[in-house]
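*Asks:* Pasting in a structure now, in structure tokens, and then I'll have a few things to ask.
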Amino acid sequence: MQPFVLYNSEQRKKVEFVPRKEGQIDLYVCGMTVYDYCHIGHARTVVAFDYIIRFLRSQGWKVKYVRNITDIDDKIIKRANENGESISSLTSRFIDAMNEDFAKLGCLAPDEAPKATDYINQMQNMIGTLVEKGTAYPANNGDVYFEVEKFAKYGRLSGRKLEDMQAGASERVDVEVEKKHPFDFVLWKHAKENEPSWASPWGNGRPGWHIECSAMSTCCLGNHFDIHGGGADLSFPHHENEIAQSEAATGEQYVNYWMHAGFINVDGEKMSKSLGNFFTIRDVIEKFHPEVVRYFIVSSHYRSPVNYSDVALKEAKNTLMRFYHSFKAYQAVYGEQLVETLDQSFVERFNTAMCDDFNTPEAIAVLFELNKELNRAVKDQNQEQAAVYYSTLRHLTNILGLVQHNVDEFLKSDIGQEALGLSEEQIEDLIQQRKDAKKEKNFARADEIRQSLLDQGVVLEDTRQGTVWRRAD
């Protein structure tokens, strides 16, 4: 296994990864709160960790990937009440939708997907430990709070100091009278009327958001594990609070490395429903093939902010199609022939890029150089070299979860495009008419058919196996 470096958000620098257990990586990523369809920001995070995990496994690492599901929350309760449906009905529906959306984006399922409501006892045990140790306290209103001043290292992930945050806190934080400090956070919420609740030593209630991830991650991976990930928006307060309550409860270091995926902006502005620039994954894949969306995400470094726009997605589509066109050109001559020999110089350059904090822009640049060599070998009819380049490119694109679809089906895809005025049967009939015209040496008629199809958005390509068609770019 080749050593790799990653950017540790806590240290604010790239560091070499050292596993806790030889050859194994335990990874927890904060998942979705399932009260609505997943949006493009969720896609950014899940796709990023998907290709990171795919790459690590390709290098021989044994990766245990846990991504939780928050299935009890204020927003869930509110939405279920608005819909007049049970919470379990709402969350089950959106868990299914979430899994469908990520499968379409080519994401592998996590090894474990714990749901918060299945870990209530473990959450209560952790809260009880914190109360016993004096780092949490029950308030008179039935809530239980974590006392941030009892955790000396509070703020180490975000780089914030409690005394600086406290200055002017009354302007920024709703200071509840039950709290000892404005930044104390709730571990257990007392039950409100007509809300779901569980019995506890502190009365009926439900867990706070932060304690959910601490309980689920430590139950699935142990008190101390390798990597914790999520979107950049979770760094504070969610991940900061996870560290505080986990380490206060266990007395162990919680996580060795913190990884955060960058934000997605829409046309240069932060995505939000209030601005009217909020897009679900389903909105986007109605207009663009899911793999185009994946390529758009993969082509940017996972930590960098990404600007979503129709123009950017169209550029991603045209760029991705370069691989598909090259594969089509190869397959038209040699079929699906793969060889075991790979071009190690390209493999090593790809791996070097990915081992440097998963630098996908550099890795994809290597792939395009390889793509160019494949095209040259096919054009020169160098079958042996073409097979090596094709097999290498197949191997490396597979690691990123790209070029995973049937070439002809992808190139004929009409997702987000106006429907062709012709059916496939009509197109094939015209191709046959053109073939007959060429046999009769009626080249003017053959050209007329080609141009007519092109005017209707159909491109013809003559190959050794015959004439094939695709949609115009």
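*Asks:* Looking for something more than 24 Å from Asp74 (Cβ to Cβ), touching a residue at least 40 places away in the same chain (Cβ under 8 Å), of a type outside the set (Asp, Glu) and surrounded by fewer than 22 Cβ atoms within 10 Å (Cβ to Cβ) - is there at least one such residue anywhere in the range 222-235?
*Replies:* yes
*Asks:* Residues that are more than 30 Å from Tyr389 (Cβ to Cβ): which helices (runs of 4 or more DSSP H) entirely in the range 229-347 hold 2 or more of them?
*Replies:* Values: elements: 240-250, 281-287, 290-298, 310-334.
Those helices (runs of 4 or more DSSP H) span 240-250, 281-287, 310-334.
*Asks:* For the structure I just gave you, tell me whether Val388 is assigned by the TED database to the domain that holds Cys355, surrounded by 17 or more Cβ atoms within 10 Å (Cβ to Cβ) and not in a helix (DSSP H, G or I). Lay out the reasoning, then the answer.
*Replies:* Values: assigned by the TED database to the domain that holds Cys355: yes; surrounded by 17 or more Cβ atoms within 10 Å (Cβ to Cβ): yes; not in a helix (DSSP H, G or I): no.
Considered against the rule, which asks whether it is assigned by the TED database to the domain that holds Cys355, surrounded by 17 or more Cβ atoms within 10 Å (Cβ to Cβ) and not in a helix (DSSP H, G or I), Val388 comes out as no.
*Asks:* From the list Gly142, Gly159, Gly155, which residue is farther than 25 Å from Tyr257 by Cα, modelled with pLDDT of 75 or more and either among the hydrophobic types (A, V, I, L, M, F, W, C) or not in a strand (DSSP E or B) (or both)? Full working, then the answer.
*Replies:* Details: Gly159 fails: farther than 25 Å from Tyr257 by Cα; Gly155 fails: farther than 25 Å from Tyr257 by Cα.
One residue alone meets the criteria, Gly142.
*Asks:* Does the range 257-266 contain at least one residue that is among the polar types (S, T, N, Q) and in contact with an Asp or Glu (Cβ under 7 Å, 6 or more places away or on another chain)?
*Replies:* No - not one qualifying residue is present in the range 257-266.
*Asks:* In the range 42-94, how many are closer than 19 Å to Lys104 by Cα and acidic (Asp, Glu)?
*Replies:* Final tally of qualifying residues: 1.
*Asks:* I've got another one for you. Checking Phe296 against (1) closer than 23 Å to Val15 by Cβ; (2) aromatic (Phe, Trp, Tyr); (3) in contact with a strand residue (DSSP E or B) (Cβ under 9 Å, 6 or more places away or on another chain): exactly one of these is not met. Which one?
*Replies:* With (1) closer than 23 Å to Val15 by Cβ; (2) aromatic (Phe, Trp, Tyr); (3) in contact with a strand residue (DSSP E or B) (Cβ under 9 Å, 6 or more places away or on another chain) applied to Phe296, the lone miss is (1).
*Asks:* Next question, about the same structure. Thr397 passes all but one of (1) more than 20 Å from Met1 (Cβ to Cβ); (2) among the β-branched types (Val, Ile, Thr); (3) open to solvent by 10 Å² or more (accessible area, probe 1.4 Å); which number fails?
*Replies:* (3)
*Asks:* Of the conditions (1) more than 19 Å from Gly41 (Cβ to Cβ); (2) under 18 Å from the mean Cα position of the chain (by Cα), His325 satisfies every one except a single condition; which number is it?
*Replies:* Only one criterion is unmet by His325, namely (2).
*Asks:* Next question. Against the definition (touching a strand residue (DSSP E or B) at 6+ places or on another chain (Cβ under 9 Å), modelled with pLDDT of 95 or more and crowded, with 19+ Cβ neighbours inside 10 Å), how does Trp198 come out, yes or no?
*Replies:* Working: touching a strand residue (DSSP E or B) at 6+ places or on another chain (Cβ under 9 Å): yes; modelled with pLDDT of 95 or more: yes; crowded, with 19+ Cβ neighbours inside 10 Å: no.
Here the answer is no, as Trp198 does not meet what is asked.
*Asks:* Any residue at all in the range 348-355 that's of a type outside the set (A, V, I, L, M) and over 22 Å from Tyr389 (Cβ atoms)? Even if it seems obvious, please write down each step before you answer.
*Replies:* Looking only at the range 348-355, we keep the residues that are of a type outside the set (A, V, I, L, M), and these are 348-352, 355.
In the following step, the residues that additionally are over 22 Å from Tyr389 (Cβ atoms) were identified as 355.
Yes, there is a match, as at least one residue in the range 348-355 is of a type outside the set (A, V, I, L, M) and over 22 Å from Tyr389 (Cβ atoms).
Let's see how each residue does on (1) open to solvent by 10 Å² or more (accessible area, probe 1.4 Å); (2) modelled with pLDDT of 95 or more; (3) in contact with a Leu (Cβ under 8 Å, 6 or more places away or on another chain); (4) within 25 Å of Gly222 (Cα to Cα):
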{"site": "Arg54", "(1), (2), (3), (4)": "yes, yes, yes, yes"}
{"site": "Gly60", "(1), (2), (3), (4)": "yes, yes, no, yes"}
{"site": "Ala80", "(1), (2), (3), (4)": "no, yes, yes, no"}
{"site": "Ala109", "(1), (2), (3), (4)": "yes, yes, no, yes"}
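The values are calculated or read from the model by the stated rules, or taken from the named source; none is laboratory data. Keep in mind that what you see is a predicted model, and the values were worked out from it rather than measured. All Cβ positions, even for glycine, are placed from backbone atoms using ideal geometry, and neighbour counts span all protein chains on display. For the accessible areas, the whole protein counts, side chains as well, though only heavy atoms, and no ligand, DNA or RNA atoms are used. Shrake-Rupley method; radii C 1.70, N 1.55, O 1.52, S 1.80 Å.
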